Amino acid sequence: DVLTQKLQKLFTESQPNTLQVKDKISLEELKVAIANDEIVPFYQPQVAFTTKQVKSVEVLARWVHPERGTINPAAFISLAEESGMIDAITRSIFRQALPQSKELANILGRHLNISINLSTDSLCAIDLPEQIEDLANMHDIPCSSITLELTESRLIQNLISTLDVLLRLRLKGFGLSIDDFGTGYSSLEQLKKIPFTELKIDRQFICDATNNNTSKAIIESSVNLAKTLNMLVVAEGVETAADWDLAKSLQCDLAQGYLVSKPMPLDDLIIWLNDKQSW
Ligand code: C2E
Ligand code: CA
Ligand code: CA
Ligand code: CA
């Protein structure tokens, strides 16, 4: 019944690790899940520190499993990456999230920015910029309201082959975000080559900056760097009011984290946004 399903969902969301470790996922199972659209977009809001207005949502994949409940990406993204199936997931996420984003724009009367995670694998497709542009056009979404998030540690390996794709994405107006900033090895070098529009400070710095001066200093210098380069700064993992106050005082632009909201499916996002256009 509905209540049991809701409780199961809540339990799964609060206990993602139990599921991941206990029941190992097979490649075959993952293939079927992708084909059946069991891997769906959830959305986590990003709000402006100054106005508390909701500016953007990050799309985070969830596997809504018919028996096991909702499975977090930690349990299947790396398997998908290692087995060459991440591109199928990315395509599926785009195919679902863009019409949903259009639906949202119709309801709100404005386009929220939508941020989508891209694995380096997807950047190997030379016509990726045209593919995403076509999809955006098809759903009447301006390219400038789509941001592509790239994890720096994964960019390093084949930077040269991906640079051309990234430059062309940027030329078409897509935003480019450097994700988990501060955790990779050559982030600074990549900043020099890739025209990023946004920098996301990894949550490991945000979560302990209130009592760790090193983390605080890393945030401060990341913000300085980003501002000099005209980039937007997103603070990830804002969980407490103290996190919020500190990241705000350090001039971060957008807050994303459990304090604002956990990632949620479209229907819940619509209700949530209705309640608080500004958070
Ligand atoms: P990410 O891109 O760094 O996404 C942020 C992660 O932090 C998400 O985990 C989000 O749920 C979580 N998070 C947000 N706010 C808080 C907070 O206040 N506290 C804590 N403890 N966590 C918070 P999630 O959804 O489990 O995703 C994990 C990673 O999986 C993502 O990290 C991203 O690297 C990858 N991923 C998710 N969806 C996709 C996708 O569609 N494609 C690809 N290629 N990777 C994806
Ligand atoms: Ca991300
Ligand atoms: Ca991140
Ligand atoms: Ca991450």
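Look at the stretch 183-196 and say how many of its residues are part of a loop (DSSP other than H, G, I, E, B) and open to solvent by 40 Å² or more (accessible area, probe 1.4 Å).
3
Evaluate the following for ASP268: is it surrounded by fewer than 20 Cβ atoms within 10 Å (Cβ to Cβ), in a helix (DSSP H, G or I) and under 20 Å from the mean Cα position of the chain (by Cα)?
So ASP268 passes the test.
Condition check ((1) in contact with a Lys or Arg (Cβ under 8 Å, 6 or more places away or on another chain); (2) open to solvent by less than 60 Å² (accessible area, probe 1.4 Å); (3) free of Cβ contacts under 8 Å to residues at least 12 places away in the same chain) across all residues:
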position	(1), (2), (3)
ILE206	no, yes, no
ASN212	no, yes, yes
LYS227	no, no, no
VAL234	yes, yes, no
GLY237	yes, yes, no
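For ILE219, indicate whether it is within 16 Å of ligand 4 (Cβ to nearest atom) and surrounded by 20 or more Cβ atoms within 10 Å (Cβ to Cβ).
No; evaluated as a whole, the condition is false for this residue.
Looking only at residues that are of a type outside the set (Gly, Ala, Ser) and either touching a His at 6+ places or on another chain (Cβ under 8 Å) or assigned to a loop (DSSP other than H, G, I, E, B) (or both) in the stretch 218-237, which one is farthest from ligand 3 (Cβ to nearest atom)?
Checked the stretch 218-237; the qualifying residue farthest from ligand 3 (Cβ to nearest atom) is ASN230.
Across the stretch 51-78, which residue is most open to solvent (accessible area, probe 1.4 Å) among those that are away from ligand 4 (no atom under 16 Å from the Cβ) and touching a helix residue (DSSP H, G or I) at 6+ places or on another chain (Cβ under 8 Å)?
Ranking the candidates gives ARG68 first.
Within the stretch 156-184, which residues are on the phi > 0 side of the Ramachandran plot and at pLDDT 95 or above?
Result: GLY173, single match.
Could you run through the stretch 78-102 and say how many residues are touching a residue at least 40 places away in the same chain (Cβ under 8 Å) and of a type outside the set (Gly, Ala, Ser)?
The qualifying residues number 11.
With LEU246, LEU259 as the choices, which residue is more than 15 Å from ligand 3 (Cβ to nearest atom) and in a loop (DSSP other than H, G, I, E, B)?
Exactly one residue qualifies, and that residue is LEU259.
Looking only at residues that are open to solvent by less than 20 Å² (accessible area, probe 1.4 Å) and not in a helix (DSSP H, G or I) in the stretch 86-123, which one is modelled with the lowest pLDDT?
SER119
Restricting attention to the stretch 183-217, and to residues there that are farther than 15 Å from SER249 by Cα and of a type in the set (Val, Ile, Thr), which single residue is farthest from ligand 3 (Cβ to nearest atom)?
Step by step, filter the stretch 183-217, then rank; the result is THR214.
Is it true that some residue in the stretch 156-172 is surrounded by fewer than 14 Cβ atoms within 10 Å (Cβ to Cβ) and touching a Cys at 6+ places or on another chain (Cβ under 8 Å)?
Yes, because at least one residue in the stretch 156-172 is surrounded by fewer than 14 Cβ atoms within 10 Å (Cβ to Cβ) and touching a Cys at 6+ places or on another chain (Cβ under 8 Å).
Taking the stated definitions as given, is SER177 out of contact with any Gly (no Cβ under 8 Å at 6 or more places or on another chain), of a type in the set (Gly, Ala, Ser) and in a strand (DSSP E or B)?
yes
I'm checking my understanding of the structure. Among residues of the stretch 143-152 that are in contact with a helix residue (DSSP H, G or I) (Cβ under 7 Å, 6 or more places away or on another chain) and modelled with pLDDT of 95 or more, which one is farthest from ligand 1 (Cβ to nearest atom)?
Result: CYS143.
Are any residues in the stretch 235-275 under 20 Å from THR50 (Cα atoms) and of a type in the set (Asp, Glu), and if so, which ones?
Listed by number, the residues that qualify are GLU236, GLU239, ASP243, ASP245, ASP253, ASP275.
Quick grid of which residues meet (1) closer than 22 Å to LEU176 by Cβ; (2) more than 17 Å from the chain's Cα centre (by Cα); (3) more than 16 Å from ligand 2 (Cβ to nearest atom):
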| residue | (1), (2), (3) |
| --- | --- |
| ASN212 | no, yes, yes |
| ASN224 | yes, yes, yes |
| GLU236 | yes, no, no |
| LEU246 | no, yes, yes |
| SER249 | no, yes, yes |
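The values are calculated or read from the model by the stated rules, or taken from the named source; none is laboratory data. As the structure is a computational prediction, the values presented were derived from the model and not from experiment. All Cβ positions, even for glycine, are placed from backbone atoms using ideal geometry, and neighbour counts span all protein chains on display. Accessible surface areas use protein heavy atoms only, side chains included; no ligands, DNA or RNA. Shrake-Rupley method; radii C 1.70, N 1.55, O 1.52, S 1.80 Å.
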